[in-house]
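Okay, so here's the structure we're looking at.
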Amino acid sequence: MNQFFSSPLSSPQWLLFALVPPAIVALYFLKLRRQPLEVPSTYLWRRTIEDMHVNSLWQRLRQNLLLFLQLLLIGLLMLACLRPSWRSQSAYQDRLIFLLDNSASMSATDVGPNRLEAAKKKIDDLIEQMDHGDAAMLISFNDSPYVNQPFTTNKGALRKALASIEPTSRTSDVGEALRIAAGLANPGRSGEASNPDDVATADAKPADVFVLSDGGFRSVPEFSWGNLRPIYVPIGEATAANLAIVAFQSQGNPSKPDQMEAFVEVENFSEIDQEVELSLSLDDNLLDASKITIAAGKMQGTSFSFNQIESGTLKIELEIDDDLAADNVAYAAINPGRRAKVLMMTDGNDAMEMAFGTSSAAKLAEVTMMSTADLASDDYQQIASEGSHDLIIYDRCSPDDLPRCNTLFLASVPPGDRWVQEEEAIGPIIIDVDGSHPLMKYLAFGDVQIARSQPVDGPQGAQILMDSDAGALMMIAPREGFEDAVLGFPIMTTDDDGNAAANTTWPRRTSFPLFCKNLLEYLGNSGGASQQLNVLPGAVVPLRFDEAGDTISVTSPIGATTKISRNRNNAYIYTQTSHVGIYDVNLDKEKVASRFAVNLMDPIESRIVPQEVFETAWNKIEGEEQFKPSRRDAWRWILFFALIVLIAEWYIYNRRVYL
Amino acid sequence: MELVSRKIFRGRMKGERRSRRKGQSVEFADFRNYVPGDDLRFIDWNLYARLDKLFLKLFLEEEDLHFYALIDNSDSMNFGDPTKLQYAKQLAAALGFIGLCRADRVRIETLSSNKVSSAPTLRGRQSLWRMTDYLDTVEPGDNVSLFDGIKNFSLRNSGKGILVLISDLMDKEGYESAFRYLVSQQLDVYVIQVLSDEEVHPNVTGDLRLVDCEDADVTEITVSKPLLNRYERTLAAFVDGAKEFCLRRGMSYTLANTDVPVDKLVSSYLRRRGLVR
């Protein structure tokens, strides 16, 4: 038909339908079988109807009221079958892709019952108005996308898939979801895009992409829409208020060895100052509580002191009823200390040896030294291949193959062509340090001078930890569950005479022992009081236990137990960190051997005010705040009206007296 | 109770009601001058002795009253609950019994009776059973037009008295000519129109083919609220027309719904109309 009508009936069906009204009229004229009734006399009746004939047209109409009602009913049914609707001028294409954010911030309750349900309702409306033959695809995404329903014309399947989408506590990243959505619309090329003879591998299938999200994405996706037409529907109220625990950590009190300290930082994402109560509990027993006032948009920290404990579960709770509840609680697991096993391949590094030689370092790790000549020895080979150590430091040397553990390279790079050492730079000036990385936390480099350096360039995915005017001086990159860190300058060097000499003033600054501590704690997976694995929901957790068997089991906060086998890197990889809370690790024994906490300490998720603009690397899409499905079907109302007509007809047929 | 006539009629036999004629009762009425030929037995000799003039003593005469009840027994009377005919028979019996008790001459007939012998003339309380026996034999089904029925009645009964016509007046030829015929008779006429509730408030719905029970005349109607309203107006006009017609001609008209019990009708409605006292 046209854009106002989209009939589900075919022409022959219409033809059959069209026969009904004439049939009704014909039946009326053919029959009208009146029921005979014997009366004392028709004398008065006859006189009555003689009077009535005076205004006969109206009488005739009234007499055929049932006929007209029946014709009206059929007319309404036919109109309903035409499926009339109001539709805006910008009709959607016949392929729709729904990207539904189900990250933690979508659980906010600023729109009832929560944002996810509100978004699902909108998608449901859109599914409802899909035309016959329109295909749609449903993708839910948080930190990773999931195709809930591939392209289908089956509205029931779409609705079923839609209903199955549950809120999660995960962070959000729309990039991969967009790439999945683009799969059909922007088909891949057979070869290089610049090749003029290249042909597309498939016909492009344009589609409308509905992004239903609050826009709190981890990163701006590098994505080109191509044949997709994006429609961004921001979900949530601009007035949404939220307070969130953005940091929670506990560690031994350096000044009082028998005390521990817990630090908590709360950020106020609302527009008014708020006073909140924080309560700290250990294994569900209240330890302490404190009241803090946080200015609008600001962060406020506080600390709690309590007696040293060997292991347990700390829980901090924000006593407030805000729009997002998931970030009002945070957990920290305190595990019995574990000493890291560190091997240092060096021909002499006084600074580090001194740092590792302190009693504090000894608590954290057991550091063994080997000379660079030992790289070829059987001992080293065994250590490297077994993965029995947590960290190997290569001071101005490089092995033939990377070991099965984390590594730190000082003034050298891992073997292979992934890492590149650039030209030597004299006296580089440190520009920036990534203080958010655990390896670099609490470090200040303002007074550090470096004599010689060789800036490094890491493989894809490498993160720059220290940047200088000459290039990156420190980078870290993941490798098969391990991490490789590379420092672009030596701590110690040898002068022309072969004597050891300092290459930098760093070892004399306080940041150096702190760096060594971070090194042992982070790359060495060391324990100590601050050994707390703190992961975001959805993150992958590598677990290491020297004494464990081939499998361990992990119990999630909701009570689901998962058995994990040791992988070839001597680690247990746990992936099901969807829920916020404490995860217990059992080493095939009844007793809980270790715990780790999953917390939604993510300012991006906690900043729940919806973004008005959806920004990709090359486009900005204005959110359609007042988005309403533009097509409004009228057939329900018409059917409802037809039902009323039917009831009226039934009533009149039975109680004609009253008309 | 007694039946009352607004006219004073000459009875045939001695009855219990005062007559215009002077007669032989014990009640003194008047004196008048003697004229030759008068019965010497009624001369007041005491007065003659005193005044030396002949006066005749007149006594009040007591006579009987002729009471006729004319029942319409056409098919149309066989409707309602109780049927209009049954109601008419009860009414006739009630009025007839009052008459019998007062030694009136009671005669109950139907419109269709054309033989003189068919309806007995009754007198005296002991005739009650004959009256009821006769009423039991009255059956519906004799469809005689009102005019013919009244004409036949008038031919049979030339006497004077009270006539109570009990009918539904549903005659397609109209009641007017029949009533005019009655006016010419020297009768005190009471018309009691009996209607059943289904005629006053018809409870019908739907598309109907109404069949007249007497002449099988067919009228097709589609029942609607306005139709029923108009029917009721037509009925009211019909009733008012009959009442007006009777009033103008010195006849008394009463509408009786079969819902109203006969005893109430007689003791209350007809008493108000002056038929009974």
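Quick notes on this structure:
Rundown of residues vs (1) under 23 Å from A:Leu364 (Cβ atoms); (2) touching a residue at least 24 places away in the same chain (Cβ under 8 Å); (3) of a type outside the set (D, E, K, R), yes/no style:
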site	(1), (2), (3)
A:Glu424	no, yes, no
A:His437	yes, yes, yes
A:Tyr442	yes, yes, yes
A:Leu465	yes, yes, yes
A:Phe482	yes, yes, yes
A:Asp497	no, no, no
A:Thr504	no, yes, yes
A:Arg508	yes, no, no
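- Restricted to the stretch A:207-246, and to residues there that are aromatic (Phe, Trp, Tyr) and in a loop (DSSP other than H, G, I, E, B), the residue that is nearest to A:Glu277 (Cα to Cα) is A:Phe217.
- Boolean, B:Glu220 is within 7 Å of chain A (Cβ to nearest Cβ), in contact (Cβ under 8 Å) with a residue 40 or more places away in the chain and in contact with a helix residue (DSSP H, G or I) (Cβ under 9 Å, 6 or more places away or on another chain): no
- Test: residue in the stretch B:184-205 that is away from chain A (no Cβ under 14 Å), within 23 Å of the chain's Cα centre (by Cα), assigned to a helix (DSSP H, G or I) and under 30 Å from B:Cys101 (Cβ atoms): no
- Subset of the stretch B:69-90 [surrounded by fewer than 22 Cβ atoms within 10 Å (Cβ to Cβ) and under 14 Å from B:Val164 (Cβ atoms)]: B:Gln90
- Condition met for B:Lys264 (in a helix (DSSP H, G or I), in contact with a strand residue (DSSP E or B) (Cβ under 6 Å, 6 or more places away or on another chain), in the same structural domain as B:Pro140 (by TED's automatic domain parsing) and not small (Gly, Ala, Ser)): no
- Test for B:Ser76: is it within 17 Å of B:Gln193 (Cα to Cα) and either at pLDDT 90 or above or small (Gly, Ala, Ser) (or both): yes
Results for (1) open to solvent by less than 30 Å² (accessible area, probe 1.4 Å); (2) more than 35 Å from the chain's Cα centre (by Cα); (3) farther than 20 Å from A:Arg396 by Cα; (4) modelled with pLDDT of 90 or more, shown as yes or no for each residue.
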| position | (1), (2), (3), (4) |
| --- | --- |
| A:Gly435 | no, no, yes, no |
| A:Tyr442 | no, no, yes, no |
| A:Arg452 | no, yes, no, no |
| A:Phe482 | yes, no, yes, no |
| A:Met492 | yes, yes, no, no |
| A:Ala502 | no, yes, no, no |
| A:Thr510 | no, yes, yes, no |
| A:Leu514 | no, no, yes, no |
| A:Asn518 | yes, no, yes, no |
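- Residue within the stretch B:138-147 that is in contact with a strand residue (DSSP E or B) (Cβ under 9 Å, 6 or more places away or on another chain), hydrophobic (A, V, I, L, M, F, W, C), over 27 Å from B:Met1 (Cβ atoms) and open to solvent by less than 30 Å² (accessible area, probe 1.4 Å) present: yes
- A:Ser213 vs. criteria assigned by TED's automatic domain parsing to the domain that holds A:Glu317 and either of a type in the set (S, T, N, Q) or on the phi > 0 side of the Ramachandran plot (or both): no
- Each residue in the stretch A:610-633 was checked for being open to solvent by less than 30 Å² (accessible area, probe 1.4 Å), outside any strand (DSSP E or B) and modelled with pLDDT of 75 or more, and 2 of them qualify.
- Scanning the stretch A:291-318 for residues that are assigned to a strand (DSSP E or B), of a type outside the set (Phe, Trp, Tyr) and more than 32 Å from the chain's Cα centre (by Cα) turns up A:Ser305, A:Asn307.
- Filter result (open to solvent by 60 Å² or more (accessible area, probe 1.4 Å) and more than 7 Å from chain A (Cβ to nearest Cβ)) within the stretch B:223-236: B:Asn229, B:Glu232, B:Arg233
- Of everything listed in (1) open to solvent by 60 Å² or more (accessible area, probe 1.4 Å); (2) of a type outside the set (A, V, I, L, M); (3) modelled with pLDDT of 90 or more, the single unmet condition for A:Phe409 is (1).
The values are calculated or read from the model by the stated rules, or taken from the named source; none is laboratory data. Quick caveat: nothing in here was measured; it's all calculated off a predicted structure. Positions of Cβ are generated from backbone atoms using ideal geometry, with glycine treated the same way; all protein chains shown enter the neighbour counts. The area values use the complete protein model at the heavy-atom level, side chains included, leaving out ligands, DNA and RNA. Shrake-Rupley method; radii C 1.70, N 1.55, O 1.52, S 1.80 Å.
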